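Asks: The structure's right below; bear with me while I get my questions together.
The values are calculated or read from the model by the stated rules, or taken from the named source; none is laboratory data. Bear in mind that the values here come from a model prediction, so they are computed numbers and not experimental data. Note that each Cβ is placed from the backbone with ideal geometry, even for glycine, and that neighbours are counted across all protein chains shown.
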Amino acid sequence: MKGEKFYELSNSIVKAFFDEVVCEIANAEKIKENDVTWAMIVRFLAENDEERKEAKERRVYINTYNTLVQKSPKAEDYLGEFNALWAIYPRKQGRKDALRHYTAARKDGVSYLTVEEGIYRYLDYIKRNNISINYIKMGSSWFCQRSWDDDYSAQFSKGQTKPNAFHNFDERTTDYDALFGGR
């Protein structure tokens, strides 16, 4: 199966190259494409072999140069954006790690507005649910976990401080006294 696909692909590449060569010869000789002979094709390829090599070397050089010249974005490039976001984030611990994760996210294509909107949704979530500072994510964790993608639409009931009520003995459904003999 793979061999057949390779064969089809290689045939299409050869056909495209052949059609291009025939078209070039026909234009140069001022004849119809149907009138191009194998002898003309062989002569054309032999004459243009050096020119094609030089053109390929130029393309390789240009591509290498462009690759070397293009600098990848660094943390300094996003520092201004990050400082603006850091100013609105509520729990400012782990700034260095947060900057590193923000820079990585920006390189991956995440926009500044996406992160900013995520922070505002998180702030609204904190306010709506009256979350204690102990349960607010540190800045480094929030940026590392890319929490701007999280859903902050959940709201707790007035009496509930956390989603898990395990610490409240009155709300447990398991009767531990019955299980362990009522110590």
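Asks: Report every pair of residues separated by at least 6 positions or lying on different chains whose Cβ atoms are under 6 Å apart, first residue within the stretch 105-131 and closer than 26 Å to Asp77 by Cα, second among the charged types (D, E, K, R).
Replies: Tyr112/Glu81
Asks: Output the number of the condition that Glu51 fails; it satisfies all remaining conditions of (1) more than 30 Å from Tyr135 (Cβ to Cβ); (2) at pLDDT 65 or above; (3) among the acidic types (Asp, Glu).
Replies: (2)
Asks: Looking at Lys74, Lys158, Lys127, Lys137, which is the one that is surrounded by 10 or more Cβ atoms within 10 Å (Cβ to Cβ) and at pLDDT below 90?
Replies: Unique residue meeting the criteria: Lys74.
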